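Notes follow once the structure below has been shown.
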Amino acid sequence: MSTTKSSKRRAAASATAADADAKAVASDNAASSPEERRALHRELLHSMLLQRRFEERTAEMYAIGRIGGFCHLYIGQEAVSTGFISLLRPDDYVITTYRDHGQALARGMTPRAIMAELFGRVDGCVGGKGGSMHLFDKSLGFLGGHGIVGGHIPIAAGVGFAIKYRGGDQVIVCFMGEAAVNNGAFHEALNMAALWKLPCLFVIENNRYGMGTAVERASAINDIYKRGASYDMPREMVDGQDVFAVRDAAERAIARARTESTPTLLEIRTYRFMGHSMSDAVSGTYRTKEELEQYLKRDPISLLRARMEADGDLTEDDWNAMDDEIKAVVQDSIDFAENSPEPPLEALMQDVLVDTTSD
Ligand SMILES: Cc1ncc(C[n+]2csc(CCOP(=O)(O)OP(=O)(O)O)c2C)c(N)n1
Ligand SMILES: [Mg+2]
């Protein structure tokens, strides 16, 4: 992620787990000089706060009927997207699930392109025909946005194969929820990735629930990262509310993929602060309010903010200025989406099949 002002505006990218047993130790994987450290921390904060503010407004727009269909918020998990994506090169790849707004913003997709897509308008990143679950941007190496649980994991392996076949040194980061690991596609893809030594990062965002089902009720193994042992794959469990812990683990896995073409399985312990989707209550009947309150104490944005304040890198005025700037960018994306037209009727039949007869 660049540190330029314009890319900061474009960028958007955060999470907490009360996991005392999370293995990764958060180090200051910042920079050598205090100025570099300050700039990096500000950039990480900006990325996470943009995701948060964007989705708060998304929920509002959904409630008043501007956005329809399926819509899953990422609030609480922002340190995961920011942690990984802030370390990628522009020519790397990202692929993810339907809970994709945060990662798209972190990768540099504009709030305008995403909000217009959520509104189903022509200026959306895929012309208003994909919606919340299907954000794509080829120019950013952002390969979706996939609605079928586990369905994108073999695609990630395929991208890893293509990178290796062409002799490149890019990596692909494949984000998924913890419920995806009980899907056959997960095992087939991880086996191939390990066997063929593909440059893939399989990043499991373990937010404890697949819709309303707790991981303990669905998985024979609760320490998901241990599944990497089946494929002799390097593996790690990480505190997903601490952006520095995420970056530490990401840095190791990216280096392994880039220089040794070796995949890694990462279990990132995190938590979603909202319901599974916009049609669910925030706490529902599957989890208690007390549990939610416990996790809210480790809001990834509050943790980073507190750290920066303690380091003398952020004043209240700095925070307010950043927040105001981000809120204005998000408001601008809403105005933009409101003014963008709906796709014409003919668009229905476009992009359905690839024309293999053209050059
Ligand atoms: C193959 C398949 N089965 C079922 C569903 C319905 N479904 C949508 S989201 C979801 C839960 C997935 O949970 P998880 O992988 O933990 O991701 P999270 O929603 O927590 O981010 C399910 C079962 C689906 N989309 N695809
Ligand atoms: Mg989950």
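Table for the structure above
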| item | result |
| --- | --- |
| Sorted by Cβ neighbour density within 10 Å, fewest at the top, the residues CYS125, CYS174, CYS200, CYS71 | CYS71, CYS125, CYS174, CYS200 |
| Segment 160-244: antiparallel DSSP beta bridges as a percent of all, rounded to 5 | 25 |
| Packing-based exposure ordering (other Cβ within 10 Å, fewest first) of MET61, MET308 | MET61, MET308 |
| Separation between Cα centres of segment 275-304 and segment 334-359, rounded to whole Å | 37 |
| Theoretical ellipticity at 222 nm over the chain - DSSP helices of four or more residues, -39500 (n - 2.57) apiece, nearest 500 | -13000 deg cm²/dmol |
| HN-Hα J in Hz across segment 221-230 - Karplus 6.51, -1.76, 1.60, θ = phi - 60°, x for Gly and Pro | 10, 8, 8, 4, 4, 5, 5, x, 4, 4 |
| Of the trypsin sites (Lys or Arg not before Pro) in segment 286-359, those whose Cβ has at most 12 other Cβ within 10 Å and which sit in DSSP loop | LYS297 |
| Restraint check, LYS226/LYS327; LYS138/LYS327; LYS138/LYS297; LYS129/LYS197; LYS138/LYS226; LYS129/LYS226, Cα-Cα greater than 29 Å | LYS226/LYS327; LYS138/LYS297; LYS129/LYS197; LYS138/LYS226; LYS129/LYS226 |
| For segment 46-136, convex hull of alpha carbons as volume per residue, Å³ | 84 |
| Rounded, prolate or oblate (a/c below 1.5 giving rounded, otherwise prolate when a/b exceeds b/c) for segment 187-252 by Cα gyration tensor | oblate |
| Span from the segment 77-137 Cα centroid across to the segment 201-249 one, whole angstrom | 22 |
| Ranked list, fewest to most other Cβ atoms within 10 Å of each Cβ, for TYR62, TYR165 | TYR165, TYR62 |
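Each value in this text was obtained by applying a stated rule to the coordinates, not by laboratory testing. A quick note: this is a predicted structure, and the numbers were derived from the prediction, not measured. Cβ sites come from the backbone with ideal geometry, for glycine too, and all protein chains shown count toward neighbours.
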